[in-house]
1. Stretch Lys89-Lys19 to full length: gain in nm at 0.36 nm per residue minus the Cα-Cα span?
2. Check Thr32: other-chain or 5+ apart residues with amide H under 5 Å from its amide H, H built from backbone geometry?
3. Using unit Cβ charges (K, R positive; D, E negative) and no other charged atoms, how large, in debye to the nearest 20, is the dipole of the chain about its Cα centre?
4. Reported to two decimal places, what Rg/Rh ratio describes the chain when computed on Cα atoms with Rh from the Kirkwood expression?
5. What are the residues whose amide H is under 5 Å from the amide H of Val14, where those residues sit 5 or more places off or on another chain and H is modelled from the backbone?
6. Any idea what the relative contact order of the chain is, in percent, if you count C-alpha pairs under 8 Å spaced at least 6 apart?
Amino acid sequence: MSPHLRCQSASKKVTIEYKSALTSATLKGKFTSKPFGKGTLAGKANLPLFTITFKPKGGTFLLVLKGAPSGEKIKATWTISKGTGKYKKIKGKGKGTGTTDGDFKLTGTASY
């Protein structure tokens, strides 16, 4: 194989559900997901952006959620651009819905 060719990992469907508490623009919470499993999350909110580090087993990844509240509901888009450990080369994107109470469901695709 040429040193210039890299194997690309297959894109995986992603579903992440999380509950977070927002205190002084700081997010903390727990999540369950496919394919990442369970873990914790922490981040910052600077509307309309939420910058969240997810910590599943085997590494971390940074997800940026962009969305603004409309009443009690939030519709958003998200991207994943970097990670650590087994998620070091992760890339992903998708959509999500949530509430101002901190309940979110994100769907999309990611490769790592």
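1. Net length gain for the segment: 22.6 nm.
2. Amide H neighbours of Thr32: Glu17.
3. On the way: 22 positive and 4 negative charges, 99 e Å.
With Lys and Arg at +1 and Asp and Glu at -1, about 480 debye.
4. Details: Rg = 14.5 Å, Rh = 14.3 Å.
Using Cα coordinates only, the ratio equals 1.01.
5. Gly108, Thr109, Ala110
6. It rounds to 24 percent for the chain.
The numbers here are math on the coordinates, done by the rules we state, and not lab data. On a predicted model such as this, the values are computed, not experimentally measured, just so you know. With ideal geometry, Cβ positions are generated from the backbone for all residues, glycine too; neighbour counts draw on all protein chains shown.
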